[in-house]
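S.K.: Submitted below is the structure of interest, expressed as structure tokens.
The values are calculated or read from the model by the stated rules, or taken from the named source; none is laboratory data. Fair warning: this is a prediction, and the values are worked out from it, not measured in the lab. Cβ placement follows ideal geometry from the backbone for every residue including glycine, while neighbour counts extend to all protein chains displayed. All accessible areas refer to the heavy atoms of the entire protein, side chains included, with ligands and DNA or RNA removed. Shrake-Rupley method; radii C 1.70, N 1.55, O 1.52, S 1.80 Å.
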Amino acid sequence: RHLAVIIRDASDAMISQDLDGNILAWNPAAVKLYGWSEKEALRMKINKIIPDHLREKELSITQRLSIAEVLTPYQTERLCQDGTMIAVTKTPTALVNEKGVMYAISSLERALKNSNA
């Protein structure tokens with residue numbers, strides 16, 4: 001319950017996805033940042049918020065996470081429900097099971113100040 005409160009009240013968007021790109025978690029800050037309700041987002045694939053020109057790059061990042069490489073935060077762009085593109089800082093983390101196998105990806109995302117992607 002404590003962790004749920006932290007996620008709910010966080011000022012950064014917190015998003016989790018499975019390895020097929022299905023969104024598994026979408027906190028209130030993600031609703032505010034991107035515009036889709038939690039209910040809508042949980043029926044979407046993560047590709048819906050990734051601009052076409054960045055999809056290959058995002059796939060390579062997922063592959064790097066799958067081999068347990070630790071990634072630093074990076075700047076990228078995301079699509080909002082209203083069609084606008086925003087610049088964000090993203091911090092991805094691999095979620096691994098007790099055998100050390102990645103089963104999902106979690107990320108913290110924050111809009112860059114004065115974002116005009």
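S.K.: What's the tally of Lys pairs in the chain whose alpha-carbon atoms lie under 22 angstrom apart, where the two lysines are 8 or more places apart or on different chains?
M.R.: Lysine pairs meeting the criterion: 11.
S.K.: Once ligands and nucleic acids are excluded and a 1.4 Å probe is used, how much of SER107 is accessible, expressed in Å² to the nearest 10?
M.R.: 10 Å²
S.K.: Continuing with the same structure: Probe 1.4 Å, all protein chains in place: accessible area of VAL96 in Å², nearest 10?
M.R.: 80 Å²
S.K.: To the nearest 20 Debye, how big is the dipole of the stretch 33-117 about its Cα centre, given +1 on the beta carbon of each Lys and Arg and -1 on that of each Asp and Glu?
M.R.: That gives a dipole near 40 debye.
S.K.: In the chain, once you exclude exposed trypsin sites (Lys or Arg not before Pro) (DSSP loop, at most 15 other Cβ within 10 angstrom), what's the longest stretch remaining?
M.R.: 44-98
S.K.: Considering only protein heavy atoms, with the full assembly of protein chains and a 1.4 angstrom probe, order ASP18, ASP52 by accessible area, largest first.
M.R.: Heavy-atom accessible area, descending, gives ASP52, ASP18.
S.K.: On to the next question. Rounded, prolate or oblate: which fits the stretch 35-117 when a ≥ b ≥ c are the square roots of the eigenvalues of the alpha-carbon gyration tensor, with rounded for a/c under 1.5 and prolate only if a/b beats b/c?
M.R.: Prolate is the answer for the stretch 35-117, as a/c is 1.5 or above and a/b outweighs b/c.
S.K.: Could you sort MET14, MET102, MET85 by their accessible area in this structure, using a 1.4 Å probe and putting the largest first?
M.R.: MET85, MET14, MET102
S.K.: Give the ranking of GLU58, GLU38, GLU77 by solvent-accessible surface, highest area first, calculated with a 1.4 Å probe.
M.R.: Solvent-accessible surface, decreasing: GLU38, GLU77, GLU58.
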